[in-house]
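Peer 1: Submitted below is the structure of interest, expressed as structure tokens.
The values are calculated or read from the model by the stated rules, or taken from the named source; none is laboratory data. From a predicted model like this one, the values you see are computed outputs, not experimental measurements. In this analysis, Cβ positions are derived from the backbone assuming ideal geometry, glycine residues included, and neighbour counts consider all displayed protein chains.
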Amino acid sequence: MIQEGKGTMENEKMIRVKGEERAAGSVIMKLLLRPSTPSIVFSVILIVVFSAAAGSFLSFDNIQAILIQTVVIGIMAIALNFVILLGEIDISVGSQLAVCAYVFGYVVSWSDSLALGLVAAMSAGGILGLINGLLVAKLNLSSFIVTLATQNVLRGILLVYAGGGALNLTAEHRTLGIGTFLGINISVYVFLLVFIICAMLSRHTVWGRDVFAVGGNQRAAVMAGLPVINTYLKAYVLLGVCCGLTGGIFLCQIGQLQAAIANGYEMRVIAAVAIGGTSMAGGRGSALSPLVGSILIGIILNGMSVMAVPSTFESLVLGAIILLAVAVDAVRHKVVNKHYE
């Protein structure tokens, strides 16, 4: 009887241990299923490293500096996320930003109205996005080729039209970039508002669900009667409008524009989406991915500055980050798929 009792207790202990192991494995799988998990872990590691290297890294001023630096990249990344979820790309966002910033600056200087300048910049961005969307969706052209062309066309127009001149914005018109509310830069509030709106679009609208469906399997989406072309157009127009908004904020932050401004920003934006966990193949990702990814990019760029790393290394670091993000995404899906086989 005593031996039977001991055997029963041992069996119960083994069952309990196995249950705990299964529960732990389930938690790990749930974390792996979240696209943003690797970037969150990487962000925590970098924060620890940079904080150890520079004691002021976690100061309020530096944290706010990271967020301000993230705003421009982040807003465009949140919108670009929808395009990449569709399995497409837009490498003209840097040029769109520059064009919209010029539109904003000229309208504000002419009208003395910040609101009118924003409307003009966002309208211009929406038109540019619509052009890209029509070329990709209606003519079925490669999004890479289309946006590579529009990137160069827009940059060329700026170089011809603006030349070597500079556009300056007076301090009273720079509220969006240098103004504060409750001690926090106003552009940070705009960034969070854009994230909330786009997260709601992604999770609680038919169009948001269509984006995942079309990006996951376009042929099946067409057979199911989903409005594929309309889904594409809305994604590109939304991206253009966000580029317009960002153009206004960007000019308000720096106060002066030249034709070559924001050159190479498309690399930062694409890196933010990729490292945030959105699959470059489309169909997999979340609204949180570009937010986490853009903050991580901000941490990296700020950390490089704090540690006095030359800015010439920026392209190298961002390119390596994109490769790392793609590799981590592939490994994560292999682990998840193997677990559920």
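Peer 1: Under 9 Å between Cβ atoms, at least 6 apart or on separate chains: pull out the pairs that start in the stretch 138-164 with a residue that is within 9 Å of residue 259 (Cα to Cα) and in a loop (DSSP other than H, G, I, E, B) and end on any residue that is modelled with pLDDT under 90 and small (Gly, Ala, Ser).
Peer 2: Qualifying pairs under 9 Å: 163/259; 164/259.
Peer 1: Have a look at 109, 95 and point out the one that is of a type in the set (S, T, N, Q), crowded, with 23+ Cβ neighbours inside 10 Å, in contact (Cβ under 8 Å) with a residue 24 or more places away in the chain and more than 17 Å from residue 276 (Cα to Cα).
Peer 2: One residue alone meets the criteria, 95.
Peer 1: Within the stretch 239-263, work out how many residues are over 20 Å from residue 67 (Cα atoms) and either surrounded by fewer than 24 Cβ atoms within 10 Å (Cβ to Cβ) or at pLDDT below 90 (or both).
Peer 2: Here the count works out to 8.
Peer 1: Which residues, taken from the stretch 138-148, are within 20 Å of residue 242 (Cα to Cα) and of a type in the set (Gly, Ala, Ser)?
Peer 2: Within the stretch 138-148, 143 is the sole residue that qualifies.
Peer 1: Additional query: Quick one: in the stretch 66-105, of everything that is over 23 Å from residue 203 (Cβ atoms) and small (Gly, Ala, Ser), which residue is farthest from the chain's Cα centre (by Cα)?
Peer 2: So the residue we want is 105.
Peer 1: Related question: How about the stretch 278-337: which of its residues are of a type in the set (Ser, Thr, Tyr), in contact (Cβ under 8 Å) with a residue 24 or more places away in the chain and either part of a loop (DSSP other than H, G, I, E, B) or over 18 Å from residue 84 (Cβ atoms) (or both)?
Peer 2: Result: 278, 279, 286, 315.
Peer 1: Could you tell me whether residue 318 is under 15 Å from the mean Cα position of the chain (by Cα) and either crowded, with 23+ Cβ neighbours inside 10 Å or small (Gly, Ala, Ser) (or both)?
Peer 2: No; evaluated as a whole, the condition is false for this residue.
Peer 1: Could you go through the stretch 160-169 and let me know if any residue there is closer than 18 Å to residue 241 by Cβ and buried (at least 20 other Cβ atoms within 10 Å of the Cβ).
Peer 2: no
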